[in-house]
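A.B. asks: My questions will all concern the structure given below.
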Amino acid sequence: MKAIAITRSAPQNIDFLQDIELPQPVATGHDLLIDVKAISVNPVDTKVRAGFQGETPRILGWDAVGVVAAVGEAVTLFAPGDEVWYAGALGRPGSNSEFQLVDERIVALKPKTLDNASAAAMPLTAITAWEMLFDRLGIQEQGNEGDTLLIVGAAGGVGSILVQLARKLTKMTVVGTASRPESQQWVREAGAHHVIDHSKPLSEELAAIGINEVTHVASLNSTDSHYAEIIKALAPQGKLALIDDPQTLDARPLKAKSISLHWEFMFTRSMFETRDMIAQHQLLTRVAGLIDDKVITSTLGEHYGAITAANLQKAHTQLETGRAVGKIVLEGF
């Protein structure tokens, strides 16, 4: 089968995303063998690629839409021919290949109303946003009236879906941050009540729209840069959740306000095969239903063409600028 893998360690190794040929894997146990149709690129792809140290080529990719080609003997949720979407597991070969093995418990049927490219934009960010909102921050569906959620970096992949989920499924006031006119418009269209500029002090931007404090913060990038302002903006007993990787994070300033700190990592369930691992199957099924019911929409930003090494190199380069709006998708081999 065709695949694209990172093949060499180097300070700048985007050029070492290369086309390779591998044997087609075989499904056993709870695994599905997926015929991959479309993928999207996430920050985790660039991080794993940049940190690659091995000598065995590694297939990246943690978002996919495809068709079930074969199933392991323990599979009960799917059958060959099913059209599915998923975000995969960090420790296994990724979706940048014609065929991929993935555990059925983190897979769901794709939305019926989306084409493959539009669906491929969604799984990893939808899982991250859902877990962050409901599992980490403890927000209740159709609840939290009177609370305010500040989403820092709301125009990216996770932010684009988090804004929609918070606006459509809760009663919170949703404030998103973005620094450029086009990204601010994207956040408005996703449903944020207010959009502020994170290149300016967050507390001042919030005050300018009449908000003196927020009860919840979802920090999606540059947490270390915004940390002091986030603490300033948070109400006593507020909650802070983040997904990025600050080099260090001093929790002591959170004490005076009794602010709780929550880290979201969507690979935790698959990495540790937690007892509730099937929750990702369930939430992706729910998100597919929300899309088919036209409650939320795809966060596809740009379509980069076929799944090739050259197009993946282009996607990684764009993602590393930090200026991507929505998701970058590739389709077909």
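A.B. asks: Is it fair to say residue 323 is assigned to a loop (DSSP other than H, G, I, E, B), of a type in the set (D, E, K, R), loosely packed, with under 14 Cβ neighbours inside 10 Å and in contact (Cβ under 8 Å) with a residue 24 or more places away in the chain?
C.D. replies: Details: assigned to a loop (DSSP other than H, G, I, E, B): yes; of a type in the set (D, E, K, R): yes; loosely packed, with under 14 Cβ neighbours inside 10 Å: yes; in contact (Cβ under 8 Å) with a residue 24 or more places away in the chain: yes.
Yes, satisfied.
A.B. asks: Looking at 274, 299, 268, can you tell me which residue is in contact with a strand residue (DSSP E or B) (Cβ under 9 Å, 6 or more places away or on another chain) and on the phi < 0 side of the Ramachandran plot?
C.D. replies: That would be 299, the only listed residue that is in contact with a strand residue (DSSP E or B) (Cβ under 9 Å, 6 or more places away or on another chain) and on the phi < 0 side of the Ramachandran plot.
A.B. asks: In region 69-87, what residues are surrounded by fewer than 20 Cβ atoms within 10 Å (Cβ to Cβ) and in contact with a Lys or Arg (Cβ under 8 Å, 6 or more places away or on another chain)?
C.D. replies: 77, 83
A.B. asks: Let me ask you something else. Show the residue pairs that are 6+ apart or on different chains and have beta-carbon atoms under 6 Å apart, the first residue being within region 102-120 and on the phi < 0 side of the Ramachandran plot, the second being among the aromatic types (Phe, Trp, Tyr) and part of a strand (DSSP E or B).
C.D. replies: Cβ pairs passing all conditions: 102/86; 106/86; 107/86; 110/85; 119/85.
A.B. asks: Could I ask something else about it? Inspect region 2-12 for any residue being under 22 Å from residue 266 (Cα atoms) and at pLDDT 95 or above and give the result as yes or no. Working first, answer last.
C.D. replies: First, pick out the residues of region 2-12 that are under 22 Å from residue 266 (Cα atoms): none.
No, the conditions are met nowhere in region 2-12.
A.B. asks: Also: Which residue out of 232, 257, 294, 239 is of a type in the set (Lys, Arg) and at positive phi? Please lay out each step first, then the result.
C.D. replies: Numbers: 232 fails: at positive phi; 257 fails: at positive phi; 239 fails: at positive phi.
The conditions single out 294.
A.B. asks: Turning to a different aspect of this structure: Could you run through region 243-265 and say how many residues are exposed (fewer than 13 other Cβ atoms within 10 Å of the Cβ), touching a strand residue (DSSP E or B) at 6+ places or on another chain (Cβ under 9 Å) and not aliphatic (A, V, I, L, M)?
C.D. replies: The qualifying residues number 1.
A.B. asks: Here's something else I'd like to know. Conditions first: (1) more than 15 Å from residue 177 (Cα to Cα); (2) free of Cβ contacts under 8 Å to residues at least 12 places away in the same chain. Residue 246 passes all but one, so which condition is the exception?
C.D. replies: Going through (1) more than 15 Å from residue 177 (Cα to Cα); (2) free of Cβ contacts under 8 Å to residues at least 12 places away in the same chain one by one, residue 246 breaks only (2).
A.B. asks: Restricting the search to region 249-278, which residues are free of Cβ contacts under 8 Å to residues at least 24 places away in the same chain and of a type in the set (Gly, Ala, Ser)?
C.D. replies: Filtering region 249-278 down to residues free of Cβ contacts under 8 Å to residues at least 24 places away in the same chain leaves 250-252, 254-256, 258, 260-261, 265, 268, 272-276.
Scanning region 249-278 gives 251, 256, 258, 260.
A.B. asks: Out of everything in region 298-316 that is modelled with pLDDT of 95 or more and open to solvent by 50 Å² or more (accessible area, probe 1.4 Å), what residue ends up being nearest to residue 47 (Cα to Cα)? Give the derivation first.
C.D. replies: Of the residues in region 298-316, the ones modelled with pLDDT of 95 or more are 303-316.
Subsequent filtering for residues that are open to solvent by 50 Å² or more (accessible area, probe 1.4 Å) retains 303, 310, 314.
Working: 303: 21, 310: 18, 314: 15 Å.
Among those residues, the one meeting the criterion is 314.
A.B. asks: Now, a different point. Take the residues in region 43-68 that are open to solvent by 20 Å² or more (accessible area, probe 1.4 Å) and either basic (Lys, Arg) or on the phi > 0 side of the Ramachandran plot (or both), then tell me which one is modelled with the lowest pLDDT. Reasoning before the result, please.
C.D. replies: Step one: filter region 43-68 for residues open to solvent by 20 Å² or more (accessible area, probe 1.4 Å), giving 43-44, 47-48, 50-51, 53-58, 67.
Narrowing further to those that are either basic (Lys, Arg) or on the phi > 0 side of the Ramachandran plot (or both): 47, 58.
Working: 47: 93, 58: 97.
My answer is 47.
A.B. asks: From 182, 205, 131, grab the single residue that is of a type outside the set (Ser, Thr, Tyr), out of contact with any strand residue (DSSP E or B) (no Cβ under 6 Å at 6 or more places or on another chain) and over 30 Å from residue 79 (Cα atoms). Talk me through it step by step, then tell me what you get.
C.D. replies: Working: 205 fails: out of contact with any strand residue (DSSP E or B) (no Cβ under 6 Å at 6 or more places or on another chain); 131 fails: over 30 Å from residue 79 (Cα atoms).
Being of a type outside the set (Ser, Thr, Tyr), out of contact with any strand residue (DSSP E or B) (no Cβ under 6 Å at 6 or more places or on another chain) and over 30 Å from residue 79 (Cα atoms) holds for just one of 182, 205, 131, which is 182.
A.B. asks: Could you list, in sequence order, all residues of region 132-188 that are open to solvent by 10 Å² or more (accessible area, probe 1.4 Å), at pLDDT 95 or above and closer than 19 Å to residue 203 by Cβ?
C.D. replies: Of everything in region 132-188, those that are open to solvent by 10 Å² or more (accessible area, probe 1.4 Å), at pLDDT 95 or above and closer than 19 Å to residue 203 by Cβ turn out to be 147, 148, 173, 184.
A.B. asks: Take residue 221 and tell me if it is modelled with pLDDT under 95 and not hydroxyl-bearing (Ser, Thr, Tyr). Can you show your working first?
C.D. replies: Details: modelled with pLDDT under 95: yes; not hydroxyl-bearing (Ser, Thr, Tyr): yes.
Spelling it out, residue 221 is indeed modelled with pLDDT under 95 and not hydroxyl-bearing (Ser, Thr, Tyr).
A.B. asks: Looking for whichever is touching an Asp or Glu at 6+ places or on another chain (Cβ under 9 Å), of a type outside the set (D, E, K, R) and open to solvent by 40 Å² or more (accessible area, probe 1.4 Å) here; the options are 9, 40. Which one fits? Spell out the reasoning first.
C.D. replies: Working: 40 fails: open to solvent by 40 Å² or more (accessible area, probe 1.4 Å).
Going through 9, 40 in turn, just one is touching an Asp or Glu at 6+ places or on another chain (Cβ under 9 Å), of a type outside the set (D, E, K, R) and open to solvent by 40 Å² or more (accessible area, probe 1.4 Å): 9.
A.B. asks: So, one more: Scan region 288-315 for residues that are in contact with an Asp or Glu (Cβ under 8 Å, 6 or more places away or on another chain), polar (S, T, N, Q) and in a loop (DSSP other than H, G, I, E, B) and jot them down.
C.D. replies: 308
The values are calculated or read from the model by the stated rules, or taken from the named source; none is laboratory data. These numbers come from a predicted model, not from an experiment. Every residue, glycine as well, gets a Cβ built from its backbone with ideal geometry; the counts of neighbours run over all protein chains shown. Quick note on the areas: whole protein, heavy atoms, side chains included, nothing else; ligands and nucleic acids left out. Shrake-Rupley method; radii C 1.70, N 1.55, O 1.52, S 1.80 Å.
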